[in-house]
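This report refers to the structure that appears directly beneath it.
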Amino acid sequence: MTYIGIQTLPNVFIDNNSKETIKDITFWYEGLSSKEPKIKNLKPGERKHVAVYTRGIQGKRTLYMKHVDYSDQIQMYDIFNQLTKDYWSDILVEIKSIKEDGTLNIIVTPNFDF
């Protein structure tokens, strides 16, 4: 009997608890072999999610969330530093507010179970 497993991808849920729409949130890790998962618009009070393709990761990687601040600078937020090809749990990123410089005030919950 041959077993064919299906890889489950980790999902990153993003809650926008700020009072503004946030645009162009992407996720990246070193060695990412596919297009960066992206959320184009996240309205206040809205939750969206993306799946992160982890097949082929060697060792542990850090997952980053990228966002463009008010001065058009790309900000990178360290979301999870234990990403492996076998990590299948979900991650929650709560955007609490947007600071005066346009950077995000976030709280990250790894192994999120809703």
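The values are calculated or read from the model by the stated rules, or taken from the named source; none is laboratory data. Predicted model, so just to flag it, every value in this text is computed and none were measured. When we count neighbours, we look across all protein chains shown, and the Cβ atoms used for this are built from the backbone with ideal geometry, even at glycine.
Looking at (1) touching a Pro at 6+ places or on another chain (Cβ under 8 Å); (2) over 17 Å from ASN105 (Cβ atoms), can you tell me which one THR21 breaks?
Condition not satisfied by THR21: (2).
For the structure I just gave you, tell me whether ILE107 is surrounded by 17 or more Cβ atoms within 10 Å (Cβ to Cβ) and in a strand (DSSP E or B).
Numbers: surrounded by 17 or more Cβ atoms within 10 Å (Cβ to Cβ): no; in a strand (DSSP E or B): yes.
Answer is no for this residue.
In segment 29-47, what residues are aliphatic (A, V, I, L, M) and over 14 Å from the mean Cα position of the chain (by Cα)? Show your work before the answer.
Quick first cut of segment 29-47, residues aliphatic (A, V, I, L, M) only: 32, 39, 42.
Correct list: empty.
Does ASP78 satisfy the condition of being out of contact with any Gly (no Cβ under 7 Å at 6 or more places or on another chain), surrounded by fewer than 19 Cβ atoms within 10 Å (Cβ to Cβ), at negative phi and part of a loop (DSSP other than H, G, I, E, B)? Step through it out loud before you land on a result.
On the way: out of contact with any Gly (no Cβ under 7 Å at 6 or more places or on another chain): yes; surrounded by fewer than 19 Cβ atoms within 10 Å (Cβ to Cβ): yes; at negative phi: yes; part of a loop (DSSP other than H, G, I, E, B): no.
No.
Checking LEU63 against (1) assigned to a strand (DSSP E or B); (2) farther than 23 Å from ASN111 by Cα; (3) not acidic (Asp, Glu), only one condition comes out false. Which one?
The single condition LEU63 does not satisfy is (2).
For segment 14-57, what are the residues that are touching a residue at least 24 places away in the same chain (Cβ under 8 Å), among the hydroxyl-bearing types (Ser, Thr, Tyr) and either out of contact with any strand residue (DSSP E or B) (no Cβ under 9 Å at 6 or more places or on another chain) or not in a loop (DSSP other than H, G, I, E, B) (or both)? Steps first, please.
Looking only at segment 14-57, we keep the residues that are touching a residue at least 24 places away in the same chain (Cβ under 8 Å), and these are 14-20, 22-31, 36-37, 39, 42-57.
The next check asks that each one be among the hydroxyl-bearing types (Ser, Thr, Tyr); those that pass are 18, 26, 29, 53-54.
Residues satisfying the conditions are THR26, TYR53.
Take the conditions at positive phi, at pLDDT below 95 and loosely packed, with under 13 Cβ neighbours inside 10 Å and apply them to GLY45. Does it pass?
Values: at positive phi: yes; at pLDDT below 95: no; loosely packed, with under 13 Cβ neighbours inside 10 Å: yes.
Here the answer is no, as GLY45 does not meet what is asked.
If I filter segment 48-73 down to residues being surrounded by 12 or more Cβ atoms within 10 Å (Cβ to Cβ), more than 11 Å from the chain's Cα centre (by Cα) and closer than 20 Å to GLY102 by Cα, which single residue comes out as modelled with the lowest pLDDT?
ASP69
Quick check on LYS96: is it part of a strand (DSSP E or B), modelled with pLDDT under 95 and surrounded by fewer than 18 Cβ atoms within 10 Å (Cβ to Cβ)? It would help to see each step written out before you state the result.
Values: part of a strand (DSSP E or B): yes; modelled with pLDDT under 95: no; surrounded by fewer than 18 Cβ atoms within 10 Å (Cβ to Cβ): yes.
It is false that LYS96 is part of a strand (DSSP E or B), modelled with pLDDT under 95 and surrounded by fewer than 18 Cβ atoms within 10 Å (Cβ to Cβ).
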